[in-house]
Every structure is written in C-alpha cells, then in structure tokens.
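The structure under discussion appears below in the form of structure tokens.
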Amino acid sequence: MRKLCLILIAVCLLVTIGPVGCSGKDGDVKQTSDAPAPVSEDLKPGNDTVFATEKGYYYYSYAENGFRYTDRATGKDMYLCNKPECRHDGNEFCVATNDKYNIERVGMYSGQIFATAIEVTDTQYRYHLLSLALDGSVLNEHVTYLTFEKMGVIPARHIDGSQLYIHRNVAMIPLWLVGDDGTETTQYFGTAIINLETREVTYLDEEPFSTENEKVTDITAHGDYFYYCRKEGKKTVLHRYNIKDGTDETHKLLVGFKGNYVVRDDNTIVYTKTDDKTLCVYHRETGENEEKVILERYQTVHYQDGSSEEKSVAYTASNLKTDGEYIYVKETYLHVFNRELKEIATINMAEDISFEEVTRTENQEEASMSYGRHLYYEDDAVYCVVPDENNNRKEYVFQCAKEVFLSGEPEFTFECTLQW
C-alpha cells in the first residue's frame, strides 16, 4: 500500500491552477485569475464557525450544503448567492451551493469567505482553496493545491466545522487520507502551506501526504509564525513554523502538555498540564517553564446541620482561548485572566449569563438557555451561540459588549437565528 502511495505521489501529484469553466448571469463561478488579491491580515482568534461583521453573520451550513448569511437589520437568513432566479439546489451556477465542491474548512479573511473544498471527478480528487465574495456575487478557485488519481487512498473529510487557518496571506491546511476501503486502519497525513498572494504551494513535510507524516493539530498563529502540535511517541510537541523562510522549531514544554495552549506574544506561551489543572508559562528566549496558576475556585458547601463553608475546588480547563488581550479558561464556569494571568472575572455559565426575552413566532419552539453555550470573541463583543434543544439544525446568536461581559455580570441581547 505504501509503495502504491509513493508511486501515486511521484507520478500523479499535480499542483495546478486552472479555470472552473462555469459562469452565471448574476452569480459567477470564475477562473482563478479573477480572484481579488487578499490584503494581509493576522489570524483572528475567537469564532471559527460563525463570522460576524457590521452587516451580518456568515457561516457554512453542512445540513443545508451551502454558504449562508443572516442580516443584522432584518434577521433574514438566506443563501449567500445574489442570483435572483437561482434555486440554490447545487446547480453549477449557484455561488452558495455548487455541487462541484465538497466543502471542508471555512474562514473569513481579508473581506472574503475562504474555504477548502474537494472536487471528485471520475478519475481524480482535486483539492481547491475557494474564495467567495461577501455579496454572494462570485466564487473563485483561488488555487488548486493538490490533485491525485482515484487509487490507493481517499480523502477523509473534515466536516466538523474545523477552522481554516490563514495568517498574513499564508494558509496552513492539514490533509488527511485513509485507505481506499474507507477505513482508518491506514492513515496518511500531510500539511499544505499556501501563499495566497503568489499562489505558491509547498508542504510542511518532504512528502505531501504519507503514513510517515504525523498529524498536525491545534493550529494558531502569532507574528510571522504558525504554531501547531504533533505527537512524538507519547508526547505532544509544540512547533513554530516561520511563514517567511519555512524554518521550523520545537518548544520543550513540561510533561503533561496535551495541546491546550494560547500564544500571548512572541516570547510567551500559556498552556495547561497535568490533566489541564495547571496554567503554565513557557518563555521562548530562555526556554524556562513556570507552573503559574493552579486552577481552582471557591464554592459554598452546605451541610445537613444548616452550616456552610467556602471550599477550594480544583477544576479542569476544557480549552484555552484568547482574543489577543485576555485569556479565557472554560469549564462549568468561565474564568477570565489578564496577560499577567491574574483572574479578573469568573462567570457561571449556567446561571450568571442572562438573556433578554426573544420574540419568536408561535410556531417556533423555545430554546434552552442553560446548556450548550459556545462563546466566541471578536473585536469589542462577545458572542454566544445557543442550540435549540428541539431542533438540532437551529441555533441562536446572542451578543454582549466585551466591557460588560468582563464585569462578571454579562447581559446578552438576541442577534439572529442560524439554520445549520
């Protein structure tokens, strides 16, 4: 199988840029050369599935198989295709639902929607990086970064809302393939590095995909670098990839690191260890590690005799996030730390977050406001996405000003309904 894959890579692997060959009256699928050049931006921390702008919210609905947009002013949710007569049924002219592409990772960058997509032909799998105008007018194949014959391996699709990582006009895209019987007993990994401005495609490893390559996980970016994790034996190792010269270095973190980290600045990484119960700091210039904060909070314990006392309770951080200024540690509560890792707010996710009453039609079910809350941070606002407990294809977006949120008593207002 490995010999077949190596032959496949050597003989059949093509990195090409080519026309799609479809056009529509009002919504177009255009050639790569027509794609507008992106303006360099940093990777935006925070939301990786719903992208908020002043006008509305953009997202990809895997259930509806299409790019969608929800208008802030009207609350109207629609396909992101401006062709009035389009049926949005996957036809070749539809910008939002074109069946030519199996959409995987999605992100907003430089005023456009970008997405990775797999095109399946009779003989080939073709990997594209697409760009989509925010007005739904045009869909571009920005670059075709991998093409291989349909033998030996097949793509393992990322349909879990995985984020597309683009930073300073460079995209880092993990590849994952499995045996052609559809099982995951033999897995092939790789990572494409794409320069959006020049459309140059390189790979993190010597081979574009191989059983010898380790899987890339937990990607983020800061400065001129992508950060990512890989397994080395039983250890998880944090890497730093230079997007300018392609060099790669590793950071030696404390035993117990599993990939839960945020980059505070070029010299400082905050991470967890020991079952995610300890916040640690790594200083890159010196190589020094510090166990900085034991994750614990106080809660009132009530006894049968009517007495009570405050007791310290250790907790586990399910994930770390940052908006570039604050670090968010999430468990049942949300703990907010400043850059010096001083806790400045503790929010009970089940009780402290209150929502104003949402007006719905009499045919809509009430959403549960006490579970499944996903928080995202963008600019000066915090967004909370709440699933409807009676409809797994519907979620509600609420917004709170970050200043109010950090007071410890956030009040969210209803923004819109998403049709997943």
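The values are calculated or read from the model by the stated rules, or taken from the named source; none is laboratory data. All values derive from a computational prediction rather than experimental measurement. Backbone-built Cβ (ideal geometry, glycine too); neighbour counts: all protein chains shown. Calculation scope for accessible area: heavy atoms of the full protein, side chains included, ligands and nucleic acids excluded. Shrake-Rupley method; radii C 1.70, N 1.55, O 1.52, S 1.80 Å.
Worth pointing out:
- Where VAL281 falls short, out of the listed (1) in a strand (DSSP E or B); (2) open to solvent by less than 40 Å² (accessible area, probe 1.4 Å); (3) at pLDDT below 95; (4) out of contact with any Phe, Trp or Tyr (no Cβ under 7 Å at 6 or more places or on another chain): (3)
- Residue count for segment 41-71, restricted to those that are in contact (Cβ under 8 Å) with a residue 40 or more places away in the chain, open to solvent by 20 Å² or more (accessible area, probe 1.4 Å) and among the polar types (S, T, N, Q): 2
- Screening the candidates LEU146, LEU132 for the property of being closer than 18 Å to TYR59 by Cβ and part of a strand (DSSP E or B) yields one hit, LEU132.
- Within segment 312-347, the set of residues being open to solvent by less than 60 Å² (accessible area, probe 1.4 Å) and basic (Lys, Arg) comprises LYS321, LYS330.
- Of the residues making up segment 74-83, at least one is modelled with pLDDT of 50 or more and at positive phi.
- The C-beta contact set for segment 210-230 (first residue touching a residue at least 24 places away in the same chain (Cβ under 8 Å) and within 20 Å of LYS252 (Cβ to Cβ), second residue aliphatic (A, V, I, L, M) and not in a strand (DSSP E or B), distance under 6 angstrom, 6+ apart or interchain) comprises TYR228/VAL216.
- Enumeration of residues in segment 111-161 that are among the small types (Gly, Ala, Ser) and open to solvent by 20 Å² or more (accessible area, probe 1.4 Å): GLY111, ALA133, SER137
- Any hit, segment 221-239, residues being open to solvent by less than 60 Å² (accessible area, probe 1.4 Å), within 23 Å of GLU325 (Cα to Cα) and in contact with a Cys (Cβ under 8 Å, 6 or more places away or on another chain): yes
- Selection status of CYS86, hydrophobic (A, V, I, L, M, F, W, C), farther than 20 Å from LEU418 by Cβ and assigned to a loop (DSSP other than H, G, I, E, B): yes
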